[in-house]
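Below is one structure, written out as structure tokens; the observations come after it.
The values are calculated or read from the model by the stated rules, or taken from the named source; none is laboratory data. Only a predicted model underlies this, so the values are computations on that prediction, with no experimental measurement involved. Every residue, glycine as well, gets a Cβ built from its backbone with ideal geometry; the counts of neighbours run over all protein chains shown. The protein model used for the area step is the full one, side chains on, heavy atoms only, and it has no ligands, DNA or RNA in it. Shrake-Rupley method; radii C 1.70, N 1.55, O 1.52, S 1.80 Å.
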Amino acid sequence: MNSILSTLSNSFRSPEIRKKILFILGIFLAFRFFAHVPVAGVNLEALKHLFSSNQFLGLLNIFSGGTLANFSVMALGLNPYINASIILQLLTMVIPKLEELSKEGESGRKKISQYTRLLTVPLAVLQAIGMYALLRNQDIITVLSPLSFISFVLTMTAGTMFLVWLGELITAQGIGNGISLLIFGGIVGQMPILFGQTLTTATSDMALNIISFTALGLVVVSAIILVNEATRQIPVFYAKRLRGNKTSGGQSTHLPLRLNQAGVIPIIFAVSLVLMPSLIASVFGASPNEALRNVAQTINTWFAPTGFAYNAMYFLLVVGFTFFYTAVIFNPKKIAEDIQKYGGFIPGIRPGTPTSKYLNYILTRITLAGAIFLGIIAILPEIARSITGIQTLLIGGTSILIVVSVVLETFKAIEANLVMRNYDSFVNK
């Protein structure tokens, strides 16, 4: 706690970092303002009643930052962009040209980001059409004329692209990952409302359950911090080199392998996919076709947020995306080549291919432990809710993971900026 307060105090003393933090707060204000600008033609009272009575939609509303319950111009949230990112990263592993592009450094990443934005547009259009079908089946929105329908779809798509633009502005001019920070802001913005709903409906027995739930939450937060900060230190030694009359090398260092190498990204990816079956079932639930209604009912039964299939799928997706994203951001072969290039070696391991295999072996083991932990934490709040009986408190493990992880990553980014600032001031003296 002292280090956090010290980091905040030092960051506001720096004009550059203070400006970045204020810029992020300004983006948050713009985000919350547009989150309350509703789309025309929607019965907001009926919509809020639907969200309060449907746990799946309530959970979806949390991750949209409350924009769905208000049905604002940003009601689709960042889901289309996240889905586009997943598709592009999968295609990168399949299409050689995209794989080569990803290895071109900053220019390659910019092109892939541009492709992601372009793919976001059709995905947002499809989701806007699906959202209209869902609301029309529930008699929450009136039948729109062709021109009004096109305007509806374009408004929803523009809201998503505006949100993506805000996230990229934070990444470029602020601190940390803009998309993660916007998701964090949406979740935090909904927390006071959810806690207020829980406290107003709490009985004396439920009050004890709330205390137990809060204590469990603190334990979960502590465990998340412990796992996020845990690293496996691989010792690396560098041989002495004689160049003329100068001797270089001979030092020893450590290669830190984080237990949770992928951070919060696997959780965000998993949430986007695990909610899809219920969303599709909601669209076809009011279909005039009896077969489609039966299929939708079956999907709703199996993939309800309290169901076994939903939690099992959620757990497996978190584990799978943790391995997938770790493989994307950490390349043992390249690390082994760099160590060998600079005359380094791991004690007891030969340089080159044996070092790459050793790093891959260690990384697989610690990633498995981290992935299982994230998966268990993700479904643990549902188990806690079933035990305590608190159904109005919809803040689950995913929300906690995202909030804690984003806070940790942002503070690390602030500390890195402070170190860079101190280094620059030292060099300029």
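Remark: pairs (first residue in the stretch 398-420, in contact (Cβ under 8 Å) with a residue 60 or more places away in the chain and charged (D, E, K, R); second residue open to solvent by 20 Å² or more (accessible area, probe 1.4 Å) and in a helix (DSSP H, G or I); Cβ separation under 9 Å; 6+ apart in sequence or on different chains) = 415/3; 415/10. Out of 348, 343, I need the residue that is open to solvent by less than 50 Å² (accessible area, probe 1.4 Å) and out of contact with any Asp or Glu (no Cβ under 8 Å at 6 or more places or on another chain). Which one? Sole residue among the options that is open to solvent by less than 50 Å² (accessible area, probe 1.4 Å) and out of contact with any Asp or Glu (no Cβ under 8 Å at 6 or more places or on another chain): 343. Quick one: in the stretch 154-180, of everything that is among the aliphatic types (A, V, I, L, M) and open to solvent by 10 Å² or more (accessible area, probe 1.4 Å), which residue is farthest from residue 413 (Cα to Cα)? Per the stated criteria, the residue is 154.
Search the stretch 28-46 for residues being assigned to a helix (DSSP H, G or I) and under 16 Å from residue 160 (Cβ atoms), and hand back the single one that is least open to solvent (accessible area, probe 1.4 Å). So the residue we want is 31.
Listed here are the residues, each with its yes/no results for (1) touching a residue at least 60 places away in the same chain (Cβ under 8 Å); (2) among the aliphatic types (A, V, I, L, M).
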| residue | (1), (2) |
| --- | --- |
| 77 | yes, no |
| 100 | no, no |
| 137 | yes, no |
| 163 | yes, yes |
| 190 | yes, no |
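The residues of the stretch 60-76 that are at pLDDT below 80 and among the aliphatic types (A, V, I, L, M), listed by number, are 60, 62, 68, 69. Checking each residue in the stretch 306-320 for being of a type outside the set (A, V, I, L, M, F, W, C) and either open to solvent by 70 Å² or more (accessible area, probe 1.4 Å) or within 13 Å of residue 276 (Cβ to Cβ) (or both) picks out 306, 310, 314. Of the helices (runs of 4 or more DSSP H) that lie entirely inside the stretch 290-343, not one contains 3 or more residues that are farther than 27 Å from residue 264 by Cα and touching a His at 6+ places or on another chain (Cβ under 7 Å). Can you tell me which residue is nearest to residue 407 (Cα to Cα) among those in the stretch 230-254 that are surrounded by 12 or more Cβ atoms within 10 Å (Cβ to Cβ) and modelled with pLDDT of 80 or more? The selected residue is 230.
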